């Protein structure tokens with residue numbers, strides 16, 4: 001069954017594009033891939049993947065004019081967006097990887113490296129399947145256990161304190177933000193496209209969401 005969706009996967013040269021596309025196509029979603037700001041602004045649904053450095057990724061978005069296109073689509077036009085891993089971090093207010101850099105500001109929280117005080121005997125990066133604790137109000141986790149496994153690989157994180165919206169957490173020594181939902185803004189620190197059945201359920205839930213600005 002084909003899922004009707006005007007979904008654009010944003011290509012800025014640092015995304016895990018093909019694994020994301022593979023998962024979407026398995027679900028029957030014929031997403032387009034684009035690095036054209038005009039296409040981004042006109043899309044009603046966006047997916048921002050990412051692997052690598054926050055600073056380098058923001059520069060790549062800025063050089064292509066994609067940063068403002070994303071902000072315009074989400075904040076002015078009301079397009080829904082899902083940020084994955086580095087994509088979620090780029091949606092934050094700033095990141096400290098490779099030096100402080102302003103983010104897209106769609107999630108009002110900074111992104112910093114795990115500290116020894118937070119993780120204790122844990123290692124950085126945080127790699128592998130881990131439990132995500134979601135709230136009953138979550139739409140992304142609809143149909144999943146309140147504590148479900150997802151695949152992580154990251155050294156930087158957002159903390160949940162004072163963050164408004166629907167926040168799901170993972171414990172790695174202490175709590176960090178594993179997923180975020182607020183109006184038309186969705187984000188996951190983990191990789192749903194690499195999280196087997198649970199990840200496919202979450203992606204399907206995102207595709208099914210409708211948001212009217």
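FYI, it's all coordinate maths here, none of it is from the lab. Note that the structure is predicted; figures quoted are calculated from it, not measured. Using ideal geometry, Cβ is built from the backbone for each residue, glycine included, and neighbour counts are taken over all protein chains shown.
Summarising the strand pairing of the chain, around 60 percent of its internal DSSP beta bridges are antiparallel. Compute the Cα gyration tensor for segment 150-203, then decide on rounded, prolate or oblate, letting a ≥ b ≥ c be the square roots of its eigenvalues: rounded whenever a/c is under 1.5, prolate when a/b is larger than b/c in the other cases, and oblate in all that remain. Judged from the Cα gyration tensor, segment 150-203 comes out oblate (a/c at least 1.5, b/c at or above a/b).
Just check segment 7-208 against the gyration tensor rule for me: Cα atoms, a ≥ b ≥ c as the square roots of the eigenvalues, rounded for a/c under 1.5, and otherwise prolate or oblate depending on whether a/b exceeds b/c. Here segment 7-208 falls in the oblate category. Using the rule -39500 (n - 2.57) for each DSSP H run of four or more residues, divided by the residues of the chain, the 222 nm mean residue ellipticity is -6500 deg cm²/dmol. Counting other Cβ atoms within 10 Å as a rough exposure proxy, the listed residues 46, 104, 200 run 200, 104, 46 from fewest neighbours to most.
Counting other Cβ atoms within 10 Å as a rough exposure proxy, the listed residues 77, 123 run 123, 77 from fewest neighbours to most. Each peptide in 33-45, 49-61 receives the mean, over its residues, of other Cβ atoms within 10 Å, and ordering these scores from highest gives 49-61, 33-45.
Among 81, 17, the order by Cβ neighbours within 10 angstrom, fewest to most, reads 17, 81. Distance between the C-alpha centres of segment 8-35 and segment 177-210: 14 Å, rounded to the whole angstrom.
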